[in-house]
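Notes follow once the structure below has been shown.
The values are calculated or read from the model by the stated rules, or taken from the named source; none is laboratory data. Just so we're clear, the structure is a prediction, and the values are computed from it rather than from any experiment. Here Cβ is always computed from backbone atoms with ideal geometry, including for glycine, and neighbour counts include all displayed protein chains. Side chains are part of the model used for accessible areas, which takes the heavy atoms of the whole protein and leaves out ligands, DNA and RNA. Shrake-Rupley method; radii C 1.70, N 1.55, O 1.52, S 1.80 Å.
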Amino acid sequence: MDIFNAILGPELGAFGPVILVGFLAVALIIIAAMILMNQKADPLEKLNKDTKREQSTTTKAAKLRGAKSNDKLEKYSTFLEPQNEKEYSAVRQKLLQAGYRSKDAVRFYHFAQFALGLGGLALGVLYFVAVLSSKEPTTQQTLMWILGPGCFGYMMPKYWVTKRQQKRQEEITQGFPDALDMMLVCVEAGQSLDQSIIRVSQEIRSSYPSLADEFEIVSHQIKAGKDKSTVLSDMGERCGVPDVSSFVTVLVQSATFGTSIAEALRVYAGEMRDKRVMRAEEAANKLPTKMTLATMALTVPPLLIILVAPSAVGILELGK
């Protein structure tokens, strides 16, 4: 240390050794980083990463297909599924549009309604017996506190599925113009429609995961050998969005009559962009109307207090 102080003292002062140690530490960190960056990957670790990636892809594909079925609910299917085919199809389609693609989605939906309804009814009875039974409630209060929680629990799954369906359809509507623009770029770059669908599903997943799932399902079904027009029609039914249904009709007609898919995509993508601008303008035009009530509620009472309060005080003083 004396040697270092003698050498670095005149140049760096009393903090010379500290600066030297810091410089050496930074140099060692840089050398270690360079060694790690140039180090070859372990073949076993690379194999493990590839295996995990394949398992993740398989799990994701199985989730999209909804192939897994619950055998425990199979014996209760008579009670948990509507026996009317039309009613069953309506519930199934609503759950698909909400993003629930499992084979047991309808059973789980009705089981949730049944379980939450009974649970709410039990909670209502317990609350009534523990709190309200000693206060001699009326018949209306008795029915409200006993049947109210049961009805609330029974309606909760329906409310949840409806809100999820609306949110998912709104996300698909917002992301569909961007997806069409990207698909048009892929088709004009020389890719086929199937390849462009796969590429679009990969690119838009971070922004619009629901729309990416729909495109990925379409790509999997086409790879499995299903007819393309049928696959696209199923996509329109799963989304429940008029823009997607119109897009499916355009593609089916283009394939039927042999017209250029790129030209059809270009025209329809332009229309979707115009519709998105119109929706934004419509929302902006609705905003002043929605703000009127809040503005009146927050502005008029303080204004009345400021204008009327002095007059009211003066009248009270004159009365005295």
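Observations
- Each Lys or Arg adds one and each Asp or Glu subtracts one; over the other residues with Cβ under 11 Å from the Cβ of residue 218, this totals -1.
- Taken one residue at a time, the phi angles of the range 258-263 give Karplus couplings (6.51, -1.76, 1.60, θ = phi - 60°) of x, 7, 6, 5, 5, 5 Hz. Gly and Pro are set to x.
- In this rough spin-label picture, where each label sits 7 Å from Cα along the Cβ direction, the residue 227-residue 207 distance is 3.4 nm.
- Solvent-accessible area of residue 290, all protein chains in place: 150 Å² (probe radius 1.4 Å, heavy atoms, ligands and nucleic acids excluded).
- For residue 104, the solvent-accessible surface with a 1.4 Å probe is about 0 Å², rounded to the nearest 10.
- Expressed as a whole percent, the accessible surface of the range 173-283 that belongs to carbon and sulfur atoms is 53, based on a 1.4 Å probe.
- Fully extending the segment from residue 260 to residue 315, taken as 0.36 nm per residue of separation minus the present Cα-Cα distance, adds 11.5 nm.
- Largest accessible area first, the listed residues 296, 156 line up as 296, 156 when surface is computed with a 1.4 Å probe on the assembled protein chains.
- Extension gain, residue 278 to residue 171: 0.36 nm times the residue separation minus the Cα-Cα distance gives 36.8 nm.
- Taking all protein chains together, 116, 293 sort by accessible area into 293, 116, largest first [probe 1.4 Å].
- Stretchable slack from residue 141 to residue 126, in nm (0.36 nm times residue separation minus alpha-carbon distance): 4.0 nm
- A 1.4 Å probe, protein heavy atoms only, puts the accessible area of residue 108 near 90 Å².
- When 88, 109, 154 are compared by accessible area of protein heavy atoms, the largest-first order is 154, 88, 109, using a 1.4 Å probe.
- When the listed pairs 158/226; 158/275; 86/290; 226/275; 86/228 are checked against a 29 Å cut-off, the alpha-carbon distance exceeds it for 158/226; 158/275; 86/290; 226/275.
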